[in-house]
Amino acid sequence: MTLRLTRHQWQTIAEHLTRELPNEACGLLGGRGGVVEKVFLIENRWRSPVRYEMEPTAQIQAMVAIEDAGLEITAIFHSHPAGPAIPSSTDVAEAYYPEALYLICAPHERNQWQGRAFYIQNGQCTEVPVLIANS
């Protein structure tokens with residue numbers, strides 16, 4: 001499995017991450033078979049640089065929209081503003097959707113964001129490639 005996003009989708013996510021600094025930002029990605037079709041930017045109700053929780057009403061609305069479109073939750077994304085782009089112990093403990101990927105983003109070179117995707121299942125993290133295509 002590879003997580004596939006368009007450049008425009010990645011740009012939308014990156015702008016959300018930057019806008020929410022210094023706090024963690026979060027959202028959902030809807031799609032099929034690892035291919036992202038819809039990006040849902042969701043407010044971090046904790047407004048914290050080290051923790052996130054999606055605003056519940058917006059999260060439910062996004063999940064319903066994903067289901068209504070015949071999609072699945074392809075990935076749950078959030079940022080680690082101080083890095084690194086790997087699951088924290090909290091991320092592993094609170095990975096309630098083992099069938100979804102977790103896209104974790106952290107600042108990288110020249111004010112860019114790095115995104116790494118993981119399956120988190122039974123306390124184990126398995127990284128999968130992230131492909132950002134031009135179209």
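Might you let me know whether segment 67-81 holds any residue that is surrounded by 13 or more Cβ atoms within 10 Å (Cβ to Cβ), of a type in the set (Ser, Thr, Tyr) and free of Cβ contacts under 8 Å to residues at least 40 places away in the same chain?
Checked segment 67-81: no residue is surrounded by 13 or more Cβ atoms within 10 Å (Cβ to Cβ), of a type in the set (Ser, Thr, Tyr) and free of Cβ contacts under 8 Å to residues at least 40 places away in the same chain.
Give all pairs with beta carbons closer than 7 Å in which a residue from segment 16-38 that is more than 15 Å from Leu101 (Cβ to Cβ) and without any contact (Cβ under 8 Å) to a residue 60 or more places away in the chain meets a residue that is part of a strand (DSSP E or B) and among the hydrophobic types (A, V, I, L, M, F, W, C); count only pairs at least 6 apart in sequence or on separate chains.
Within 7 Å, the pairs are His16/Leu41.
What about Asp91, is it out of contact with any strand residue (DSSP E or B) (no Cβ under 6 Å at 6 or more places or on another chain) and crowded, with 17+ Cβ neighbours inside 10 Å?
In short, yes.
Evaluate segment 100-114: report whether one residue or more is of a type in the set (A, V, I, L, M) and more than 15 Å from the chain's Cα centre (by Cα).
No.
Looking at segment 87-111, which of its residues are assigned to a loop (DSSP other than H, G, I, E, B) and at pLDDT 95 or above?
Of everything in segment 87-111, those that are assigned to a loop (DSSP other than H, G, I, E, B) and at pLDDT 95 or above turn out to be Pro87, Ser88, Glu94, Ala95, Tyr96, Tyr97, Pro98, Glu99, Ala100.
Residue-by-condition table, conditions (1) out of contact with any Leu (no Cβ under 7 Å at 6 or more places or on another chain); (2) of a type in the set (S, T, N, Q):
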| residue | (1), (2) |
| --- | --- |
| Met1 | yes, no |
| Gln9 | yes, yes |
| Gly30 | no, no |
| Leu41 | yes, no |
| Ile60 | yes, no |
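The values are calculated or read from the model by the stated rules, or taken from the named source; none is laboratory data. These figures come from a predicted structure and were not determined experimentally. All Cβ positions, even for glycine, are placed from backbone atoms using ideal geometry, and neighbour counts span all protein chains on display.
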